[in-house]
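Taking it in order: structure first as structure tokens, then the write-up.
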């Protein structure tokens with residue numbers, strides 16, 4: 001009985017909200033967006049999606065386009081930065097009834113395209129669109145003040161700006177996302193000056209975004225596939241991947257702090273954490289660790305039947321691959337430091353004819369500060385183990401990848 005009454009109430013409230021408020025919802029969304037950025041958001045239609053995201057009141061936005069510039073300023077052939085076929089916004093009904101607050105707690109989006117373009121000044125169309133329009137906001141405040149001070153004309157009628165909205169006391173739109181869902185979104189990036197392009201197919205993204213004193217806290221689960229990469233073609237051959245992230249977005253420093261992340265592809269897992277600071281030359285300080293992928297790494301270079309034959313031996317081996325990426329990415333290449341190694345790898349070839357016992361080494365790669373890798377260093381230390389026909393040991397060092405200096409004392413003994 002209580003549940004039925006609640007459903008009837010929600011249906012009634014939904015129809016009331018839709019009939020009296022859909023144009024007003026568009027106005028509130030436009031106002032909210034305009035106050036935080038200078039791009040142009042266009043929405044073709046708003047519809048009520050009554051049974052979506054119950055018990056919330058949900059509206060469906062159709063054919064949404066987001067442009068870098070306002071309609072009056074942009075070229076006729078300018079493509080949108082973002083397009084989506086449908087976006088669902090779910091409002092908390094109790095907040096609307098009790099406190100007259102229009103609070104969004106769920107956003108879901110399907111079938112979209114994001115197209116990011118980098119200009120010659122290294123600024124993207126998205127950065128330009130998201131620029132805080134201080135002057136525009138200040139002018140808007142002055143206009144609103146002037147409107148409020150207007151008096152009725154001699155006939156006692158109100159101006160159109162003074163007409164009441166469906167819920168006159170409702171505060172401005174507030175976004176507090178408890179649920180975020182994106183599905184079938186194509187992400188495109190182009191940098192014509194560097195002849196570079198990439199494309200990612202985002203199968204799905206689910207998460208929670210909460211406001212805090214510093215900015216936002218996010219927990220995200222992402223499934224995607226890199227389908228194009230001009231600089232790193234091999235990346236686009238890795239197939240579907242997933243990314244689990246727990247991060248904070250700090251407004252004051254324009255930074256993203258990844259508290260914990262796990263990147264997964266082809267049965268390989270990479271733990272990541274670190275920080276990205278946009279206001280400091282796109283500074284990045286990230287650490288990664290892919291050391292838990294012994295079999296996955298070996299499967300890249302060893303036939304599957306040999307791996308299966310030596311599974312018990314290989315389980316005693318240990319592969320190390322971890323490191324960091326630090327430095328400014330704006331007009332620069334950050335420094336990369338990698339520790340890699342192999343310990344206690346033993347296995348037999350077909351019919352036991354080829355044997356490897358206790359093979360191992362310790363390695364390091366440091367790209368250095370110079371962008372031409374003239375200060376880079378690659379070293380292999382303590383190479384060891386028994387190989388077919390004997391054993392191997394020694395060290396190997398390369399400095400300066402522009403004019404290489406090589407030092408080696410590798411030794412092999414034959415039996």
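Coordinate-derived values only; no laboratory data. All values derive from a computational prediction rather than experimental measurement. Note that each Cβ is placed from the backbone with ideal geometry, even for glycine, and that neighbours are counted across all protein chains shown.
Could you tell me which of rounded, prolate or oblate describes the range 369-415, using a ≥ b ≥ c as the square roots of the eigenvalues of the alpha-carbon gyration tensor, with rounded for a/c under 1.5 and, failing that, prolate when a/b is larger than b/c and oblate otherwise? Cα axes put the range 369-415 in the prolate bin.
Taking the square roots of 5 times each eigenvalue of the Cα gyration tensor of the range 317-391, largest first, gives ellipsoid semi-axes of 36, 12, 9 Å. Between residue 47 and residue 201, the FRET efficiency from the beta-carbon distance, with R0 = 41 Å, is close to 0.90.
Ranking request for peptides 402-408, 375-381: highest mean number of other beta-carbon atoms within 10 Å first, then the rest in descending order.
Values: 402-408: 9.7, 375-381: 16.9.
Packing order, densest peptide first, comes out as 375-381, 402-408.
Neighbour counts of other Cβ atoms within 10 Å put 91, 223 in the fewest-to-most order 223, 91. Once you sort the root eigenvalues of the Cα gyration tensor of the range 245-297 as a ≥ b ≥ c, which label holds: rounded (a/c under 1.5), prolate (a/b larger than b/c) or oblate (the other case)? Prolate shape, in that a/c is at least 1.5 and a/b is the bigger ratio.
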